[in-house]
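For reference, the structure discussed in these notes is given below.
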Amino acid sequence: MKYVLPYDRLILCRDIEEGELFYISTKTLDETTRLLFVRTCAWTGHVIAIIEPKLICKIDTIPVVQTDHPIVPLEGHGLGIRNKPYMEHWIQSMLLQPLFQKECDLVVQRANLITACGAAACDGQHAANEECCSVVGGNPPIRLLRCTVTSNIAGIKGVDFQSTKFTKLFLTEEAMKLDARITLTYTVLRQKVNDVLREYRDANISWTIVGWFDPGFDHGGDPGFDPGFAPGSETAKDPTFHIVSILPSRQLENTEKFSTIQQPPIPHENLVFAQLPTRHGVGAIVHRPLPQAEERPAAHEENAE
């Protein structure tokens with residue numbers, strides 16, 4: 001796709017009252033820094049206010065606006081939000097479509113821990129070694145939950161998703177640090193995720209799922225023609241979903257999250273020196289419980305030679 005204007009950032013947004021997509025464009029890094037003035041805000045998936053937007057052009061019928069003012073994050077705004085669930089007939093439009101669905105069910109599968117970007121603006125939705133949309137550098141990477149999500153009401157199935165805000169529902173702040181000492185057992189992690197989801201389900205708490213999707217058309221592999229239908233096909237391909245936010249309608253405060261597991265220190269009486277079968281006779285410390293009934297010399301005596 002060829003864009004009709006140069007830009008530093010092109011931010012895809014959705015009108016919460018009308019439900020339609022639009023872009024915010026900045027030309028330079030200075031404009032981006034001014035736009036994202038509140039540097040600690042997790043902009044991805046957040047509700048914002050745009051002051052005095054100006055229509056610049058359209059990209060595939062999607063309006064592009066610019067503003068000379070910082071965008072403002074909104075909390076508890078009370079504005080009416082229009083649902084935009086996935087609709088089968090939308091794929092015929094061959095354009096990007098928004099997804100905003102409240103009161104969703106949620107199934108989380110294939111949960112793993114990964115290393116992701118620690119910047120606030122991107123909500124950790126990319127790898128630590130990839131370029132970040134944030135204008136703030138030097139953010140240490142963090143440990144996040146990556147999984148696939150399914151929701152019958154939202155019309156999504158097995159979509160990859162990772163998010164700092166979403167991870168905080170299942171992991172403690174300490175467990176999200178890369179230098180945290182944890183014994184990583186995926187069975188335990190996934191059980192913990194299922195336990196937390198069950199607590200939300202038992203409390204009758206639903207989920208709000210936000211994102212967008214590409215109709216996923218194909219036109220015989222021709223990169224110069226997109227979108228379109230595959231030759232001889234009467235139906236379009238399955239759409240590609242991009243989920244940017246999954247949050248509960250209200251957050252439970254006392255859920256038991258996945259946390260760090262501190263390894264207890266090894267008792268001194270259980271430390272012995274073992275002679276390894278190497279040419280230089282290098283010793284190594286091993287952890288081995290000793291028989292209680294048998295008296296053994298102290299470790300330093302055993303290795304005195």
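The values are calculated or read from the model by the stated rules, or taken from the named source; none is laboratory data. This is a predicted model, so every value here is computed, not measured. Reconstructed Cβ throughout: ideal geometry from the backbone, glycine too, with neighbour counts over all protein chains shown.
Can you pull out the residues in region 33-83 that are part of a strand (DSSP E or B) and either in contact with an Asp or Glu (Cβ under 6 Å, 6 or more places away or on another chain) or closer than 13 Å to residue 11 by Cα (or both)? Those that are part of a strand (DSSP E or B) and either in contact with an Asp or Glu (Cβ under 6 Å, 6 or more places away or on another chain) or closer than 13 Å to residue 11 by Cα (or both): 48, 59, 62, 63, 64, 65, 66. Of all the listed residues (175, 127, 119), the sole one being in contact with a Cys (Cβ under 9 Å, 6 or more places away or on another chain), at pLDDT below 90, crowded, with 17+ Cβ neighbours inside 10 Å and farther than 20 Å from residue 15 by Cβ is 119.
Yes or no: region 191-204 includes at least one residue that is out of contact with any Pro (no Cβ under 9 Å at 6 or more places or on another chain) and under 30 Å from residue 33 (Cβ atoms). No, there is no match, as no residue in region 191-204 is out of contact with any Pro (no Cβ under 9 Å at 6 or more places or on another chain) and under 30 Å from residue 33 (Cβ atoms).
Checking each residue in region 240-260 for being of a type in the set (A, V, I, L, M, F, W, C) and surrounded by 17 or more Cβ atoms within 10 Å (Cβ to Cβ) picks out 241, 243, 244, 246, 258. For region 135-172, what are the residues that are surrounded by 18 or more Cβ atoms within 10 Å (Cβ to Cβ) and hydroxyl-bearing (Ser, Thr, Tyr)? If the condition is that a residue be surrounded by 18 or more Cβ atoms within 10 Å (Cβ to Cβ) and hydroxyl-bearing (Ser, Thr, Tyr), then 151, 163, 164, 167 are the ones that fit. Of the listed requirements (1) surrounded by 15 or more Cβ atoms within 10 Å (Cβ to Cβ); (2) farther than 21 Å from residue 247 by Cβ; (3) modelled with pLDDT under 85; (4) of a type in the set (Lys, Arg), residue 34 misses just one: (3).
For region 37-49, the set of residues classified as of a type in the set (Gly, Ala, Ser) and under 16 Å from residue 244 (Cβ atoms) consists of 42, 45, listed by residue number.
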